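Enquirer: Quick one: the structure is below, and I'll ask about it shortly.
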Amino acid sequence: MTKSPEKRFLSAILGYKKILYRSVNIFYNIISIYKVMKTLIDIESGKPVRILKIAGGKRVRQHLQCLGIHTGDIVTLKKNSFLGGPILLEINGYDVAIGKGVASKIEVEEIE
């Protein structure tokens, strides 16, 4: 008992439709997660933020710990120049300058 060509064609189309629907949903989920996560580069000057995650390697985390920057700390972004150069942060009453590459690895959330 074989299927007719029309039925095989319709079942193939429905199978592709299900696969396409699933892949579109996965794509939108990934985009929504990406939009929520902000790094220090995305924040405007003068806003306080809480550090959620440091996405760099071991050396980056060690460097930031030596500067006094840890996960869960609240920092204020004092200066963020759009042409390049370091980003100036205020943490625990001290001003700390870090590079844009390191700042791009620090995920933060804005505090109101």
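Enquirer: Can we say Lys18 is at pLDDT below 90 and either surrounded by 12 or more Cβ atoms within 10 Å (Cβ to Cβ) or not in a strand (DSSP E or B) (or both)?
Expert: yes
Enquirer: Please enumerate the residues belonging to the range 54-104 that are in contact (Cβ under 8 Å) with a residue 40 or more places away in the chain and surrounded by fewer than 14 Cβ atoms within 10 Å (Cβ to Cβ).
Expert: Within the range 54-104, Ala55 is the sole residue that qualifies.
Enquirer: How many residues does the range 68-96 contain that are modelled with pLDDT of 90 or more and outside any loop (DSSP other than H, G, I, E, B)?
Expert: 13
The values are calculated or read from the model by the stated rules, or taken from the named source; none is laboratory data. This structure is a prediction, so every number in the text was calculated from the model and none was measured. When we count neighbours, we look across all protein chains shown, and the Cβ atoms used for this are built from the backbone with ideal geometry, even at glycine.
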